[in-house]
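Each remark here refers to the structure printed beneath this line.
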Amino acid sequence: MEMLKEAKSMIGKLRRSISVHPDCTIGSEFDDYTTDAQNLEDEIESLINPNITE
């Protein structure tokens, strides 16, 4: 469980650093990376807290 939380935290940090990159605009490759990272964070969250529905 702790490793999942650490992974989620690291992915979140990477997502935030990518999102402030000047080339991160809607539809760019950087935007795709931030979307993928958010999806991974959501998946990890569902493993950590499986009873929480969105």
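The values are calculated or read from the model by the stated rules, or taken from the named source; none is laboratory data. No experiment lies behind these values; they were computed from the predicted model shown. All Cβ positions, even for glycine, are placed from backbone atoms using ideal geometry, and neighbour counts span all protein chains on display. The area values use the complete protein model at the heavy-atom level, side chains included, leaving out ligands, DNA and RNA. Shrake-Rupley method; radii C 1.70, N 1.55, O 1.52, S 1.80 Å.
Worth pointing out:
- Screening segment 1-12 for residues that are closer than 15 Å to Asp36 by Cα and of a type in the set (A, V, I, L, M, F, W, C) and picking the one that is surrounded by the fewest Cβ atoms within 10 Å (Cβ to Cβ) gives Met10.
- Exactly one residue out of Thr35, Thr25 is without any contact (Cβ under 8 Å) to a residue 12 or more places away in the chain and under 8 Å from the mean Cα position of the chain (by Cα), and it is Thr35.
- Any hit, segment 19-35, residues being in contact with a helix residue (DSSP H, G or I) (Cβ under 8 Å, 6 or more places away or on another chain), outside any helix (DSSP H, G or I) and of a type in the set (A, V, I, L, M, F, W, C): yes
- Filtered residues of segment 13-52 (kept if open to solvent by 70 Å² or more (accessible area, probe 1.4 Å) and either of a type in the set (Lys, Arg) or under 20 Å from Met1 (Cβ atoms) (or both)): Lys13, Arg16, Leu40, Glu43, Leu47, Pro50, Asn51, Ile52
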